[in-house]
Amino acid sequence: MRMPCNRVGRDDGAVIVTSRIARQTNRWVRFAKVTVQVLPAVADEVTIAPGVLRDHASRLEAVCGAHEALRHVPADRGFHRVDVVDAVTTEVDTGVGDVYEVTARAAREALSLDPSLFTGFSDPQVVAGWLRERIGKQLAGVTEARHWNNGERDPDTASLVHAWLHFENRPPTQLHGCGDELQLSIAEPYPGYDMDQFGAVRVTSAAVPDSLAMVVGRRLTDAAVILGPADRPACAGLLLRLDDVTVTIGTLGDEWVLALDEPPADIAPFWHLQPWITQD
């Protein structure tokens, strides 16, 4: 579960916040704890104290998570430095995305920003780490949130709101299209909801003939990150090989792209395929 952040203010203006995740089911475990210190600065900056988060992947997640919080600070509030001063992870229980999430949440709290219901990552290196962690694993299920109106829904991409990928022994990951960025968040599916005269959003397992239903039960053998046209390097999509089936999942111009194949030809000029990630 996500535990409340612990916040302490100091006389010198520094704010220290600790955030943690501790969740266990009979299929997967999540754990991470990060403490940040935030101070006013002449420019936005993120530092990691010596000896904290010694492996490169976790340090990258912490830096990306802190910068994600800094991007949401209103311009009239000036600049800040986020120092990651302590962290606790484990080799078994901490997965890709955990350090990112707790760092982003701690930094948001220290910066007095509203808590975010969605903490997604799109940094290409972090996404590549998430893919690498799932290579060789079976895609046990796909959950989809779709818009319905008057008992009907548009086909595939037109009605898709969010999707969750459930790989064996790993927590579910929500896919969220945001403009030209595909953001990933380690999160379980939310319940469906009613939108009055605008219909409803139903959250159910993917079903044939929708594209993502076709790959359930298959094993991820290879994968690649797709970069989009964003100003900064960001994931726009995923290219997944699941046994003998290839699937493209992405977003462009705030619209979903789903294909049981390589990226469609009309979209390929806007996307840049990164090197394939394969099983060692």
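Results, tabulated for the structure shown:
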| read-out | value |
| --- | --- |
| Residue in the range 9-31 that is within 22 Å of Pro124 (Cβ to Cβ), among the hydrophobic types (A, V, I, L, M, F, W, C) and modelled with pLDDT of 95 or more present | no |
| Matching residues, the range 24-43, being surrounded by fewer than 16 Cβ atoms within 10 Å (Cβ to Cβ) and either in a helix (DSSP H, G or I) or not hydrophobic (A, V, I, L, M, F, W, C) (or both) | Gln24, Thr25, Asn26, Arg27, Pro40 |
| Selection count where residues are in a loop (DSSP other than H, G, I, E, B) and either surrounded by fewer than 18 Cβ atoms within 10 Å (Cβ to Cβ) or assigned by TED's automatic domain parsing to the domain that holds Gln183 (or both), scope the range 83-92 | 3 |
| Residue check for Ala106: over 18 Å from the mean Cα position of the chain (by Cα), more than 26 Å from Asp244 (Cα to Cα), buried (at least 22 other Cβ atoms within 10 Å of the Cβ) and touching a residue at least 60 places away in the same chain (Cβ under 8 Å) | no |
| Residues satisfying the stated conditions in the range 124-157, i.e. among the acidic types (Asp, Glu) and not in a strand (DSSP E or B) | Glu133, Asp154, Asp156 |
| Top-ranked residue in the range 109-124 [being out of contact with any Asp or Glu (no Cβ under 7 Å at 6 or more places or on another chain) and surrounded by 21 or more Cβ atoms within 10 Å (Cβ to Cβ); ranked as nearest to Ile226 (Cα to Cα)] | Asp123 |
| Tabulated pairs, the range 60-77, first farther than 23 Å from Gly129 by Cβ, second assigned to a helix (DSSP H, G or I), C-beta under 8 angstrom, 6+ apart or interchain | His72/Arg108 |
| Condition met for Val247 (of a type in the set (A, V, I, L, M), in contact (Cβ under 8 Å) with a residue 60 or more places away in the chain, buried (at least 19 other Cβ atoms within 10 Å of the Cβ) and in contact with a helix residue (DSSP H, G or I) (Cβ under 7 Å, 6 or more places away or on another chain)) | no |
| In the range 125-157, residue surrounded by the fewest Cβ atoms within 10 Å (Cβ to Cβ) [restricted to those that are within 20 Å of Val215 (Cα to Cα) and free of Cβ contacts under 8 Å to residues at least 60 places away in the same chain] | Pro155 |
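Residues checked against (1) outside the structural domain of Arg27 (by TED's automatic domain parsing); (2) at pLDDT 95 or above; (3) more than 18 Å from Ile16 (Cα to Cα); (4) in contact with a Phe, Trp or Tyr (Cβ under 7 Å, 6 or more places away or on another chain):
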{"site": "Asp55", "(1), (2), (3), (4)": "no, no, yes, no"}
{"site": "Leu60", "(1), (2), (3), (4)": "no, yes, yes, no"}
{"site": "Gly65", "(1), (2), (3), (4)": "no, yes, no, yes"}
{"site": "Leu70", "(1), (2), (3), (4)": "no, yes, no, no"}
{"site": "Asp76", "(1), (2), (3), (4)": "no, no, yes, no"}
{"site": "Arg81", "(1), (2), (3), (4)": "no, yes, no, no"}
{"site": "Thr94", "(1), (2), (3), (4)": "no, yes, yes, yes"}
{"site": "Glu101", "(1), (2), (3), (4)": "no, yes, no, no"}
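The values are calculated or read from the model by the stated rules, or taken from the named source; none is laboratory data. In this text the structure is predicted, and so the values were computed from the model without any measurement. Note that each Cβ is placed from the backbone with ideal geometry, even for glycine, and that neighbours are counted across all protein chains shown.
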